[in-house]
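Notes for the one structure printed next.
The values are calculated or read from the model by the stated rules, or taken from the named source; none is laboratory data. All of these numbers come straight from a predicted model, not from anything done at the bench. Every residue, glycine as well, gets a Cβ built from its backbone with ideal geometry; the counts of neighbours run over all protein chains shown.
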Amino acid sequence: MSEPLEGLAARARETHVVVVGGGVAGLVAALELAKVGMRVTVLEAEQRPGGVLRTADVAGVTLDVGAESFATRGGHVRALVDELGLGDAVVAPNPAGAWVAGIPGVGAAPLPGGGILGIPANPWDPAVRRIIGVRGTWRAYLDRLRPPLTIGHDRSLGHLVRSRLGARVLDRLVAPVTSGVYSARPDDIDPDAAAPGLNAALARTGSLSGAVQVLRGDRTVAPGGAVAGLAGGMAGLVEALVAKLVALGAEIRPSARVVTLRRAGAPGWSLALAASDPDGEDEELAADAVVVATIEHEARRLLAPVVPGLSSDTPVAPELEVMTLVVDAPELDAAPRGTGVLTVPHAFAAKALTHSSAKWPWLAARLPGGVHVVRVSFGAQDERPATADLDDAAAGALALREASALLGVHLDPAQVRGVHRERFVQSQPAAVLGRAERVAAARAAIRTVPALGVTGAWLSGTGLAQVVPDAIAEAETVRRRVLFDAADTAG
Ligand SMILES: Cc1cc2nc3c(=O)[nH]c(=O)nc-3n(C[C@H](O)[C@H](O)[C@H](O)COP(=O)(O)OP(=O)(O)OC[C@H]3O[C@@H](n4cnc5c(N)ncnc54)[C@H](O)[C@@H]3O)c2cc1C
């Protein structure tokens, strides 16, 4: 029996897999492949791996300027963190929760706890009534009185909430959450994907707020309670992944942008890398198998010529800008808006604000007294970031004005110690309507091509809790196809 096993191990050692893209998806896939002894090369276009997990030095402090937490849902990210020996660094955010700002006639108020996607379990809860007013509360209460016959299986969260609970619940509670968390409008969110079981509970209980109550059980989790972070920042995850990959003999090549992918022999591949200096020559690299882990438009551009039936059309992805401010502002010590602020759509130029030093005690402990870190995000689906056409100075000034308005505290330019600007293209969240069908079609086309894997947020849905398990599963598929299918063919 040992001979076939030795044969597999030898085949693994002889297999060279190239992973295109060194974001979390690419690094996690690379780790799974390197673990079985395959020769792995990760090609990353930028100067540093990590993708959306980015850090910057702002006013002498190293800060996460992209992703800064992970959803604990499913336990996948936690399992990876533990595997990498970072379990002791896992921290919970301040449970104070976030606020909503831009509420007509009210201004800002804490986001009520106990809801799902902002849908309240009890419209009469004073925290809910403060936001939607007496009229909104009575309208939401109609949900309890509507005949069950009017209940159908709704595929749009926006339609579901509007018809059951009214426009105020939709605009003031649900839209701030979906636009802050998913960069998407409620009308474009599929409730079955965003809140599995909600439609079924609605049919059972006869009301949407009743369904939320049932799904939440008697847990009173503050909004944001289902995420965790790493002391020192999420970039620690990238460092640990890179260290483990290097220890396993994998090569990680920064500043290595793949420009084309083509078949070379069967089932081999040839990848062309852009020359790193303008006068240099493009480089060709051979691989037995390839895993593409880039953002969607780049993945489709590389794959369309080699995957029959894969469209190169990419849905418009929201462009985002995150402005990180380090400010000397003891008036923020009291965390006047909890861990951050979500906004009623169109009430502000900014989409959301995170008061990072209030959210993460480890970060506050690293800052001098009275110094705070605030992140202001701009841009959403169909809405270019308000900062997009501004130069850095003007974008920083706008971020400061928005931070003042959202935090309810006047912040003067003289209080600013440092500003950092970072641009992103956000993949669509898993819950966006129509995405599941598009992804299934892409995956089916990709599966027809041997020795090829594709992963990343555009397939798994955005968020580390989605990206990590998808990368593991895709690497497993590639491993199996390269090792066992080849063995079957040979045998
Ligand atoms: C501003 C922002 C904040 C976020 N915050 C959170 C959060 O707090 N928690 C959370 O769970 N999720 C968060 N997310 C989502 C999460 O960060 C992403 O879903 C996840 O990091 C995506 O990982 P990825 O590897 O699929 O893609 P990416 O991180 O985009 O990595 C793709 C990599 O491929 C490289 N690449 C592209 N083209 C090529 C090429 N031709 N050749 C070689 N390399 C190439 C890119 O340079 C990049 O490094 C956030 C997203 C954004 C935009």
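Checking Ala335 against (1) part of a loop (DSSP other than H, G, I, E, B); (2) within 23 Å of the chain's Cα centre (by Cα): exactly one of these is not met. Which one?
Ala335 satisfies every listed condition except (2).
Return the residues of the stretch 44-83 that are of a type in the set (A, V, I, L, M) and touching an Asp or Glu at 6+ places or on another chain (Cβ under 9 Å); say none if nothing qualifies.
Of all residues in the stretch 44-83, those of a type in the set (A, V, I, L, M) come to 45, 52-53, 56, 58-59, 61, 63, 65, 67, 71, 77, 79-81.
Hits for the stretch 44-83 are Ala45, Leu53, Ala56, Leu63, Val65.
Tell me which residues, restricted to the stretch 375-392, are within 11 Å of the ligand (Cβ to nearest atom), of a type outside the set (S, T, N, Q) and part of a strand (DSSP E or B).
Result: Arg375, Phe378.
Which one of the conditions (1) surrounded by fewer than 24 Cβ atoms within 10 Å (Cβ to Cβ); (2) over 26 Å from Asp277 (Cα atoms); (3) among the hydrophobic types (A, V, I, L, M, F, W, C); (4) within 6 Å of the ligand (Cβ to nearest atom) does Phe70 fail to meet, given that it meets all the rest?
In the conditions (1) surrounded by fewer than 24 Cβ atoms within 10 Å (Cβ to Cβ); (2) over 26 Å from Asp277 (Cα atoms); (3) among the hydrophobic types (A, V, I, L, M, F, W, C); (4) within 6 Å of the ligand (Cβ to nearest atom), Phe70 misses (1) alone.
Looking at Val100, Val128, which one is modelled with pLDDT of 95 or more, assigned to a helix (DSSP H, G or I) and surrounded by 17 or more Cβ atoms within 10 Å (Cβ to Cβ)? Steps first, please.
Working: Val100 fails: assigned to a helix (DSSP H, G or I).
Answer to the selection: Val128.
Would you say Thr55 is within 26 Å of the chain's Cα centre (by Cα), hydroxyl-bearing (Ser, Thr, Tyr) and surrounded by fewer than 18 Cβ atoms within 10 Å (Cβ to Cβ)? It would help to see each step written out before you state the result.
On the way: within 26 Å of the chain's Cα centre (by Cα): yes; hydroxyl-bearing (Ser, Thr, Tyr): yes; surrounded by fewer than 18 Cβ atoms within 10 Å (Cβ to Cβ): no.
For Thr55, the condition - within 26 Å of the chain's Cα centre (by Cα), hydroxyl-bearing (Ser, Thr, Tyr) and surrounded by fewer than 18 Cβ atoms within 10 Å (Cβ to Cβ) - is not met.
Are any of the residues in the stretch 425-434 of a type in the set (A, V, I, L, M, F, W, C), under 13 Å from the mean Cα position of the chain (by Cα) and within 9 Å of the ligand (Cβ to nearest atom)?
Yes, the conditions are met somewhere in the stretch 425-434.
Being within 16 Å of the ligand (Cβ to nearest atom), assigned to a strand (DSSP E or B) and either in the same structural domain as Arg366 (by TED's automatic domain parsing) or buried (at least 18 other Cβ atoms within 10 Å of the Cβ) (or both) narrows it down to one of Gly229, Gly180, so name that one. Break it down into steps so the answer makes sense when it comes.
Working: Gly180 fails: assigned to a strand (DSSP E or B).
Result of the check over Gly229, Gly180: Gly229.
So which of Glu46, Glu6 ends up being among the charged types (D, E, K, R) and in a helix (DSSP H, G or I)? Outline the logic, then answer.
Values: Glu46 fails: in a helix (DSSP H, G or I).
Selected residue: Glu6, the only one of Glu46, Glu6 that is among the charged types (D, E, K, R) and in a helix (DSSP H, G or I).
Going by the conditions given, is Val327 assigned to a loop (DSSP other than H, G, I, E, B) and away from the ligand (no atom under 13 Å from the Cβ)? Step through it out loud before you land on a result.
On the way: assigned to a loop (DSSP other than H, G, I, E, B): no; away from the ligand (no atom under 13 Å from the Cβ): yes.
For Val327, the condition - assigned to a loop (DSSP other than H, G, I, E, B) and away from the ligand (no atom under 13 Å from the Cβ) - is not met.
Show the residue pairs meeting these rules: Cβ distance below 9 Å; 6+ apart or different chains; first residue within the stretch 193-208 and free of Cβ contacts under 8 Å to residues at least 12 places away in the same chain; second residue buried (at least 20 other Cβ atoms within 10 Å of the Cβ) and part of a helix (DSSP H, G or I).
So the pair list comes out as Ala200/Ala211; Arg204/Ala211; Thr205/Ala211.
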